[in-house]
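Take this structure, written in structure tokens, and hold onto it; I'll ask about it next.
The values are calculated or read from the model by the stated rules, or taken from the named source; none is laboratory data. The structure presented is a predicted model; accordingly, all values stated were derived computationally and were not measured. In this analysis, Cβ positions are derived from the backbone assuming ideal geometry, glycine residues included, and neighbour counts consider all displayed protein chains. Each accessible area value is taken on the protein alone, full model and side chains, heavy atoms only, with ligands, DNA and RNA left out. Shrake-Rupley method; radii C 1.70, N 1.55, O 1.52, S 1.80 Å.
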Amino acid sequence: MKKKHWILLGAITLLALALRLYGLETRDLWYDEAFSFFLSEQSLPDIVSGTAADTEPPLYYFLLHFWLNLGQTPFTLRLLSVLLSMGIVLVVFDLTRRLAGNSAGLWAALLTAISPFQIYHAQEMRMYGLLALTQITYYWIFLRLQNHAKPNKALWLWAGLVIAGTAAMYSQSLAIFGLVLPDIYLLLKRDWRRLRNLVIAQAAILILSIPWLIHVPGQIQKIQTAFYTPVPGFIEVFQAVLQTHAFMPLEGWLLTIAAVLSLQCMVMVSLEAHKARNLGSISFTVLLWLGLPALLFSASYLMRPVFVPRGFITAMLGYFILAGWIIALSWKKGIGLIVASTFIILAAISLPSYYSFSEFPRSEFRIAAQYLMENAADDLIVHDNKLSYFPAHFYDPDLDQVFLPDEPGSHNDTYALASQQAIELFPADSLEDAVSEEDTVWFVVFSRAIEEYKGAGELTHPVLAELDKRYRLDQHNYFGDLEIYTFRR
């Protein structure tokens, strides 16, 4: 690579790091992040039992378990995901460079660096950054094997492929859908020899994944009963297109602009890719982009819907690789400039909204927790559900707080008993048991939950109705869309 390419790559890397570090400490932790923290605090055997009852494999929790030794502030905890995301930017660059040259690699790295969706998951204490890094590394090694003069003798590459694939399997439950994309590519090319070698490597991945795969049937059963995701249609596909380019939710004219520009950008990239369909491995890049969403879309009609954008976070990287290739290829025609400008405009529109977003389920937990610390230190605090309790408990584990259980069998019933036992955080049996003979009760509830009950024909939230019978309402405070009621006997 020339010196100017190294300089540009360094600048893109610094930009990616700055965008991922901004607000890392000040953004409130939400339920999923707090769950990750509390589970990762436990021993490795407890992490295994806790995740076996959940829906995700344990590798990210293992990494976070050891990462906790560096500190337990939000900044330090999230820094692990930031570093994983920085690895993604660099792998995307090198993969694209090998496909289409240095200029394309730099553009793909820039699109990844400024992507609101990638930044979101880089700042979240969850496993999706790890999934994206392991899967894109898997594709990168596969490409290296494709271009190797003697792939049968490149044992270190095959070992790397097996390690990356196994790590992906232990990172996220939907990883297996992404691992079969190279098989589809080789099938379409009718490259039977390379396909045979790949299947042998994948057999090794499956063997290494057996300790976790034995838990998958139970996890599938839980997904079928305890989670609600709509069957994908036009709306879900359109939302996925938007989230590939911009942060959601946006409102008003910003949403209109984001929708128009996102569709325009994807259409232009698609048309240019079609024109260049005979160029090298561009079909492989198209497959990285569209293959995984297509598989998840199809699977959603055979089982509980699994068409969720975070599940194909790596497919978005495939799109950025393709877009970077198109920008470099079509720059002189002006199309590359339009595509690049569209991505940059969408990032500029989205990132201010992203950094300031503080609504359900990522509400203003820290301010609410501070208020409770100052005013309710000697009283009982009852949370309507685990979604507000976990963040509040993270910010002040010494407060006397409880949370009410999920309705059994509902799509909110996601906190399994084995996970409760591993973390040692249990819901109250009932409101009656929670309040007992307390003189003062502070009730924490999302505005959204109250509106849902009213929308179902109820006068108010049933817990509020029950507390009104027992106590006198003394205070009612709002922290964004999080409400805190103070009841006194």
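Between segment 356-396 and segment 87-160, what is the C-alpha centre distance in whole Å?
39
Can you give me the accessible area per residue for the chain, using a 1.4 Å probe, in Å²?
On the way: 21250 Å² over 489 residues.
I get 43 Å² per residue for this part.
Any idea how far the Cα center of segment 331-355 sits from the one of segment 251-303, in Å?
Result: 16 Å between the Cα centres.
While we're looking at this one, here's another question. Using only Cα atoms, find the angle between the long axis of helix 216-226 and the longest principal axis of the chain, and express it within 0 to 90 degrees, rounded to the nearest 10.
50
Hey, what do the phi angles of segment 313-318 turn into as Karplus ³J(HN,Hα) couplings, whole Hz, using 6.51/-1.76/1.60 and θ = phi - 60°, x for Gly and Pro?
4, 6, 4, 5, 5, x
Show me 5-13, 119-127 ranked by packing, highest mean number of other Cβ atoms within 10 Å first.
Ranked by mean Cβ neighbours within 10 Å, highest first: 119-127, 5-13.
Further question: Could you look at segment 325-390 and say what percent of its accessible area is carbon and sulfur, using a 1.4 Å probe and all protein chains? The partial results should precede the final answer.
On the way: 1590 of 2710 Å².
Accessible surface attributable to carbon and sulfur in segment 325-390 totals 59 percent.
Moving on to the next point. Per-residue HN-Hα couplings for segment 86-102, Karplus 6.51 cos²θ - 1.76 cosθ + 1.60 at θ = phi - 60°, whole Hz, x for Gly and Pro?
5, x, 4, 4, 6, 5, 4, 4, 5, 4, 5, 4, 6, 7, 9, x, 5
Now for a separate question. Please get the size of the charge dipole for the chain, origin at its Cα centre, with Cβ charges of +1 on Lys and Arg and -1 on Asp and Glu, quoted in debye to the nearest 20. Working shown, then result.
Numbers: 34 positive and 42 negative charges, 914 e Å.
I would put it at about 4380 debye.
In degrees between 0 and 90, to the nearest 10, how far off the longest principal axis of the chain does helix 386-395 point, with axes built from Cα atoms?
Computed tilt is about 90 degrees.
Compute the Cα gyration tensor for segment 1-87, then decide on rounded, prolate or oblate, letting a ≥ b ≥ c be the square roots of its eigenvalues: rounded whenever a/c is under 1.5, prolate when a/b is larger than b/c in the other cases, and oblate in all that remain.
Here segment 1-87 falls in the prolate category.
Please work out whether segment 371-426 counts as rounded, prolate or oblate from its C-alpha gyration tensor, where a ≥ b ≥ c are the square roots of the eigenvalues and a/c under 1.5 means rounded, while otherwise a/b larger than b/c means prolate and anything else oblate? Walk me through the intermediate numbers first.
Values: a/c = 2.70, a/b = 1.87, b/c = 1.44.
Prolate.
Among Pro151, Pro232, Leu404, whose Cα lies farthest out toward the positive end of the dipole of the chain, if unit charges sit on the beta carbon of Lys, Arg (+1) and Asp, Glu (-1)?
Towards the positive end, the residue furthest out is Pro151.
Specify the angular offset, from 0 to 90 degrees and rounded to the nearest 10, of the alpha carbon long axis of helix 31-40 from the longest principal axis of the alpha carbons in the chain.
Between helix and principal axis, roughly 80 degrees.
Okay, next question. Express the relative contact order of the chain as a whole percentage, based on alpha carbon pairs under 8 Å and six or more residues apart in sequence. Display every interim value, and only then the final one.
On the way: 706 pairs, mean separation 90.5, N = 489.
It rounds to 19 percent for the chain.
If you average the alpha carbon positions of segment 163-192 and of segment 426-469, how far apart do those two centres end up, in angstrom?
That distance is 47 Å.
Across 10 Å bins from the origin, how do the percents of Cα pairs in segment 387-480 run, short distances first?
Going from the shortest bin to the longest, the percentages are 12, 44, 37, 7.
Please state the relative contact order of segment 88-177 as a whole percent: Cα pairs under 8 Å, 6+ residues apart? Spell out each step's value before the answer.
Values: 75 pairs, mean separation 23.1, N = 90.
Normalised by residue count, the contact order of segment 88-177 is 26 percent.
Let me ask something else. If I take R0 = 56 Å and measure r between the Cβ atoms of Ala149 and Phe357 in this structure, what FRET efficiency does the formula 1/(1 + (r/R0)^6) give, to the nearest 0.05?
So the FRET efficiency works out to roughly 0.65.
Subtract the Cα-Cα distance of Ala456 and Leu15 from 0.36 nm times their separation in residues, and report this length gain in nm to one decimal.
Result for the pair: 154.0 nm of gain on full extension.
Could you give the length gained on full extension between Lys4 and Ser283, defined as 0.36 nm per residue of separation minus the Cα-Cα distance, in nm?
97.5 nm
Same structure, new question: Calculate the spin-label point distance for Trp331 paired with Phe75, positioning each point 7 Å from the Cα along the beta-carbon direction, and give it in nanometres.
About 3.7 nm separates the two model spin labels.
With a Förster radius of 22 Å, plug the Cβ-Cβ distance of Asp94 and Arg193 into 1/(1 + (r/R0)^6) and report the FRET value to the nearest 0.05.
So, using R0 = 22 Å, E works out to roughly 0.30.
What share of all Cα pairs of the chain, in percent, falls into each consecutive 10 Å distance bin?
4, 18, 28, 25, 15, 7, 3, 0
First compute the accessible area of segment 1-144 with a 1.4 Å probe, then give the percent of it belonging to carbon and sulfur atoms. Each step should come with its number before you reach the end.
On the way: 3190 of 4750 Å².
Carbon with sulfur: 67 percent of the solvent-accessible area.
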